[in-house]
1. From the list VAL71, VAL48, which one is in contact with a helix residue (DSSP H, G or I) (Cβ under 8 Å, 6 or more places away or on another chain), buried (at least 19 other Cβ atoms within 10 Å of the Cβ) and within 24 Å of GLY86 (Cβ to Cβ)?
2. Could you list, in sequence order, all residues of region 51-61 that are surrounded by fewer than 15 Cβ atoms within 10 Å (Cβ to Cβ) and in contact (Cβ under 8 Å) with a residue 24 or more places away in the chain?
3. Filter region 3-39 down to residues that are buried (at least 16 other Cβ atoms within 10 Å of the Cβ), in a loop (DSSP other than H, G, I, E, B) and either in contact (Cβ under 8 Å) with a residue 60 or more places away in the chain or among the β-branched types (Val, Ile, Thr) (or both), then give me how many there are.
4. Could you please give the count of residues in region 51-72 that are under 13 Å from the mean Cα position of the chain (by Cα) and more than 12 Å from VAL18 (Cα to Cα)?
5. Against the conditions (1) in a helix (DSSP H, G or I); (2) at pLDDT below 95; (3) out of contact with any Ser or Thr (no Cβ under 9 Å at 6 or more places or on another chain), where does ILE67 fall short? Just the number, please.
Amino acid sequence: MLGVMPVSLDFLRGVLGVLCIFFGHLSGRSAAAVRKGRQKLSRFYGWVIRAAACGIAVSLRFRVDTIDIAVWVLGVAAFVLGWWEGSREKKSEDLTRQIFGE
């Protein structure tokens with residue numbers, strides 16, 4: 001039998017924390033798209049549920065500590081950043097001169 005070293009719970013907390021922040025950003029972008037009418041509300045709820053599940057899973061095994069609070073604060077900041085990014089109007093670049101020349 002092959003002896004396999006178990007994965008550290010701190011590593012898994014880190015992975016879940018990064019996913020929570022990532023899902024927070026995507027839920028913010030989705031919220032801005034829902035507000036503009038470009039996306040369904042169910043897609044926004046999906047991102048929020050994913051972010052909340054990862055945020056809760058970070059703190060399941062241990063008591064609440066600075067890592068949990070940092071993940072939650074960064075998740076909320078990522079949501080705000082995603083909202084801001086999704087609500088801005090993106091300029092389309094005119095690449096006609098670069099492609100075809102003068």
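The values are calculated or read from the model by the stated rules, or taken from the named source; none is laboratory data. None of the values given here were measured: they were computed from a predicted structure. So basically every Cβ, Gly included, is an ideal-geometry build from the backbone, and we count neighbours across all protein chains shown.
1. That would be VAL71, the only listed residue that is in contact with a helix residue (DSSP H, G or I) (Cβ under 8 Å, 6 or more places away or on another chain), buried (at least 19 other Cβ atoms within 10 Å of the Cβ) and within 24 Å of GLY86 (Cβ to Cβ).
2. Within region 51-61, just ARG61 meets the criteria.
3. 0
4. The number of residues fulfilling the criteria is 2.
5. In the conditions (1) in a helix (DSSP H, G or I); (2) at pLDDT below 95; (3) out of contact with any Ser or Thr (no Cβ under 9 Å at 6 or more places or on another chain), ILE67 misses (3) alone.
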